[in-house]
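As structure tokens, the structure follows; a few thoughts come after it.
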Amino acid sequence: MKRRICAAWIAALCGLAVLTGCATLDRGGQSAVLRAKRRVAPAIVHVRPVKEVFDAGRRKEMLVMGSGFIISRDGYVVTNEHVAGQSTSVQCVLSDNREVQARVVGTDVETDIAVLKLETDSPLPSVRMGRSDRLEAGQSVLALGSPHGLARSVSLGIVSVPDRFLSDKSLMEAPYYNWIQTDAAINPGNSGGPLVNLRGEVVGVNARVLSGAENVGFAIPVDIVKDVVADIIENGHVRRGWLGIEFQEMLAKGDVTSEEGVIISDVDRLSPAAEAEIKPGDILTAVNGRRVHARYEEDLPGVRLRIASLPVGETATLTLLRGGEPLEVSLVAEEKTSLRGSQQAFEEWGFTASEVTTEVARRAQLQRRTGILVSGVDPGGRAAVAGLQQGDIVLQVDGEEIPTLTAFNAAYARLRDGKARLVMLFVQRGALTRFVLVNTTAEAAPAASEPGEDVSNER
Amino acid sequence: MSAERFRSLAAVLLFAAVSAGPSRAQDDFALSTINGAYERLSPSLCTVLFTQEVTDARTGETRRRDGSSLGLVVRADGLVVTHGHLVQSNAEPVEVRVRLGKGAGAKEHPARVLKKPDDINLVFLKVQADAPLDLPAVSFSKSPLVLGEPVAVFGLSGETLDLEPGVLVARVSAILDEPRTTYALDGNIRFGYVTGPVVNTRGEVVGVVGFDLGRAEGGELHTRSGHPLVYQTELFEGHVASPPSEDASPGSREEAWLGVFTQPLTSDFAEYWKVEDTGGLIVSTVLPDSPALRAGIQSGDIIKSFDGKPMEARQDRDVLAFTQLVRDTGVDRTVSLGLLRAGQPVTVEATLSRLPATAQEAGEYDDAVLGLAVREITRDVRILLNLAEDVQGVIVRRVRPGSPAQAANIRPGVIILAVGDQPTTTLAEYEAALGQLREKKPPEISVFARVGAQTGFFRVQPRY
């Protein structure tokens, strides 16, 4: 009797909750959430990398926090590149509170994915990877991770849009996929954590929030994550083909009659495509005989992925339409260079510099990729006193061409050990060139004191 | 104490304060000098009333605004000088009137804006009248000023004081000696006093108040902004003697151009290159399609003489003096340059050409079919935006709100390379392409353009 009343009470309460519109799930939904959480939670990792940052002409270290998840019993962990990239060491806290060091296996800036390997011999719990191509708006998902450093947090929501295209011009640059947009609470610190369906399978990697908005979070779809992770584990990085072409969807050009294909909008002047005399306005209809089509901008990441998947160094055949006439061109794919060149600090002179990537070379209107890009200048340092500025591209040192960061390193080491008082840099500054004379014996200002450890750097 | 008595006491105290200053006449003003100058100069002060069209650099939207500034009659036939802010890269006057005289005798005349000189931040106006004018013009003298010297500045009080002519006293706070002598003023010079006549203690008008000494050429972009200066007579007497043309086309200027950017040869540079430490100009950049390039001048050359004159630059401001020298040398003149190339003396001959047009003089085309105003890409814009020589197009200056171009997301700064299948490498080609549009009226066209470092297509539905 008593038990029955009790049951009635519970049923009444549940009904009330539903009637009043509370977000409480019915019993079936609740248990599904719990089942999914229990499958994934043991494999969640709280990630604490010490990152190398280059700021105002100096190299500094910074402790950041993020999330990650174990994908194999032997301890491979997936997280975001913006969490674990450029880190010198990574400490991980597992779900049983064990602290384990991890090494960075590899990172991929363009998809914002990093793979870590936990340095432990004991077998570990791991997640099951699902599929992201079958997601549907409205489907329930969980986000797990460490929002604002609060480990073991779970939040619940739905898929808002399964394939959100965000323009490349924003900071949300994602050339090869559309984002999963979700209203599950995602905060700084959630980065690298999994987005999970109610079967307890990972469908995405939480990576971004729209600042100023509420309940607008974005995850990287797991389908591309799986490919990138496999490449990183095998090669340490992702190797992509590059032809030097940018695309626009067919709807972007009003006067196109073709139903098929994708518009070529830009051809890099120093690229295989330029050599093959491909022109903006040409329409690409097939790659190696397989059709490509992008009617809407959501279709563009798929096309870019097709080009990036071309084997480097091998001949590819593109089928084009030019002025309505079909045309076939053959060209050899080059390896795509990283969006972000490696960076280095030159303490004695007080500046930092990075490799000139294809993108930097293009923006600086360089006739070829050469020189090093000054990424920061330490106020009061010798470089600053000489008039070197952030954004300068150092083309020559003492009249010797500097094609790469490695070449500059060699010159720098030689000059540091040598006796020369004055060193001449020939730099490109915007459209102009300029001579910068560094006095290597000048008393450099003492280094600014290091800022205190900032633990609020959730990613 | 009655108000009357208070006022007279205050006047006595004020007078006492003024006369208690240092005894040397040079150091301070006699009240009679100020009042005498006021009598002479106030008839030459006028009010410039204008309507400007101002463009928002980011959105390209334009709006009109009314304003007024001080004008100064510098020639009896109706030449008036006023603040350079009347014509700026983002503001153009659409209507200008000049109010002469005061009270019941005041008369308003329409005025034409003459081409803004690019060496000084002043605008000259030509007052329009049916009969020949005989206005009370200011006559200038060329006395130099000394540091700390007091000067009286005449201008207009604020609108709440009915724009009554007034006077301020300031001192010369710094003397900038290159490329040409300019004086900085202390004190709070109010807006109505900008372009006001500057009078020394002897009562001579030695210049006008100016802001910004901007020069876009000559190595670095130099501006001395935000600080009141004296534009002394030498800086603008040429413009008064032969006023700028009313025609804004670039052909009307006669300044010469070599096409190099230079750095001064400091002692450290001389030591590094093992050359004599007697100054000079290091050529850092040789511009494409320039007289310098044709003459074979290379970056790294050191200019030791120009047209027979020794070049002894050691400081950044010496570079400006060199630029000025080149400008004044004369278009189409062939000059010889003494260079040091890798330490060895070399002589080259360069034929100077006309200074290329600047963005302010660029031809513009505005139309409603797309809702765009575009300009030709001038040399200075090409340098500023770091555009390669093979980028040939027209640059979007303004986008009309609600226009087809705005709907297509075309923004100011976009460089239009083709409209439909018509390349638009020049303004004339762009005009022709739009002419074709108006004729054929396609419902939809494709605009090929460069945005930053990338090209792409904009889909536009023109409005006919």
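The values are calculated or read from the model by the stated rules, or taken from the named source; none is laboratory data. On a predicted model such as this, the values are computed, not experimentally measured, just so you know. When we count neighbours, we look across all protein chains shown, and the Cβ atoms used for this are built from the backbone with ideal geometry, even at glycine.
Tabulated results
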item: Candidate set from region A:175-199 (those that are more than 22 Å from A:L116 (Cβ to Cβ) and of a type in the set (G, A, S)); member that is surrounded by the fewest Cβ atoms within 10 Å (Cβ to Cβ); result: A:A185
item: Residue in region B:93-119 that is farthest from B:R64 (Cα to Cα), counting only those that are under 16 Å from the mean Cα position of the chain (by Cα) and modelled with pLDDT of 85 or more; result: B:L114
item: Flag for B:G456 being in contact with a strand residue (DSSP E or B) (Cβ under 9 Å, 6 or more places away or on another chain) and modelled with pLDDT under 95; result: yes
item: Given (1) surrounded by fewer than 21 Cβ atoms within 10 Å (Cβ to Cβ); (2) assigned to a loop (DSSP other than H, G, I, E, B), number of the condition A:I278 does not satisfy; result: (1)
item: Members of region A:152-174 that are among the small types (G, A, S) and either crowded, with 19+ Cβ neighbours inside 10 Å or in a strand (DSSP E or B) (or both); result: A:S153, A:S155, A:G157, A:S160, A:A174
item: Flag for A:T317 being farther than 27 Å from A:L195 by Cβ, among the hydroxyl-bearing types (S, T, Y), more than 14 Å from every other protein chain (Cβ to nearest Cβ) and surrounded by 15 or more Cβ atoms within 10 Å (Cβ to Cβ); result: no
item: Matching entry among B:D66, B:D77, B:D118 (being assigned to a loop (DSSP other than H, G, I, E, B), charged (D, E, K, R), more than 23 Å from B:F154 (Cβ to Cβ) and touching a residue at least 12 places away in the same chain (Cβ under 8 Å)); result: B:D118
item: Region B:194-212: number of residues that are over 13 Å from B:E237 (Cα atoms), hydrophobic (A, V, I, L, M, F, W, C) and in contact with a Phe, Trp or Tyr (Cβ under 8 Å, 6 or more places away or on another chain); result: 3
item: Qualifying residue in region B:167-184 (condition: in a loop (DSSP other than H, G, I, E, B) and either among the small types (G, A, S) or under 24 Å from B:L86 (Cα atoms) (or both)); result: no
item: Complete set of residues in region A:264-275 that are surrounded by 18 or more Cβ atoms within 10 Å (Cβ to Cβ) and part of a loop (DSSP other than H, G, I, E, B); result: A:D268, A:S271
item: Selection count where residues are within 10 Å of chain B (Cβ to nearest Cβ) and in contact with a Lys or Arg (Cβ under 7 Å, 6 or more places away or on another chain), scope region A:265-278; result: 2
item: Boolean, A:S354 is surrounded by 14 or more Cβ atoms within 10 Å (Cβ to Cβ), at negative phi and modelled with pLDDT of 90 or more; result: yes
item: Odd one out for B:A131, checked against (1) out of contact with any Asp or Glu (no Cβ under 7 Å at 6 or more places or on another chain); (2) assigned to a loop (DSSP other than H, G, I, E, B); (3) in contact (Cβ under 8 Å) with a residue 12 or more places away in the chain; result: (3)
item: Answer residue from region A:414-450, given it is over 19 Å from B:D316 (Cα atoms) and of a type in the set (V, I, T) and is modelled with the lowest pLDDT among those; result: A:T441
item: Which listed residue is within 22 Å of A:K60 (Cβ to Cβ) and touching a helix residue (DSSP H, G or I) at 6+ places or on another chain (Cβ under 8 Å), from A:G380, A:G376, A:G350; result: A:G350
item: Exclusive hit being over 22 Å from A:E246 (Cβ atoms) and under 28 Å from the mean Cα position of the chain (by Cα), set B:A368, B:A359, B:A432; result: B:A359
item: Subset of region A:361-407 [in a helix (DSSP H, G or I), within 14 Å of another protein chain (Cβ to nearest Cβ) and surrounded by fewer than 22 Cβ atoms within 10 Å (Cβ to Cβ)]; result: A:R362, A:R363, A:V385
item: Tally of residues being touching a helix residue (DSSP H, G or I) at 6+ places or on another chain (Cβ under 6 Å) and not in a loop (DSSP other than H, G, I, E, B) across region A:175-192; result: 0
item: Positions within region A:326-359 being in contact (Cβ under 8 Å) with a residue 24 or more places away in the chain, outside any strand (DSSP E or B) and either within 14 Å of chain B (Cβ to nearest Cβ) or within 21 Å of the chain's Cα centre (by Cα) (or both), in sequence order; result: A:K336, A:T337, A:S338, A:L339, A:R340, A:G341, A:S342, A:V356, A:T358
item: Criterion (of a type outside the set (A, V, I, L, M) and touching a His at 6+ places or on another chain (Cβ under 8 Å)) met by exactly one of A:P147, A:P188, A:P162; result: A:P188
item: Selected residue (only one of A:E298, A:E328, A:E334, A:E275 is farther than 28 Å from A:A364 by Cα, out of contact with any Asp or Glu (no Cβ under 9 Å at 6 or more places or on another chain) and acidic (D, E)); result: A:E328
item: Count - residues of region A:211-263 that are out of contact with any Ser or Thr (no Cβ under 7 Å at 6 or more places or on another chain), more than 14 Å from chain B (Cβ to nearest Cβ) and not in a loop (DSSP other than H, G, I, E, B); result: 12
item: Qualifying residue in region B:79-87 (condition: at pLDDT 90 or above and either charged (D, E, K, R) or surrounded by fewer than 16 Cβ atoms within 10 Å (Cβ to Cβ) (or both)); result: no
item: Count - residues of region A:207-217 that are crowded, with 24+ Cβ neighbours inside 10 Å and either closer than 14 Å to A:I113 by Cβ or charged (D, E, K, R) (or both); result: 1
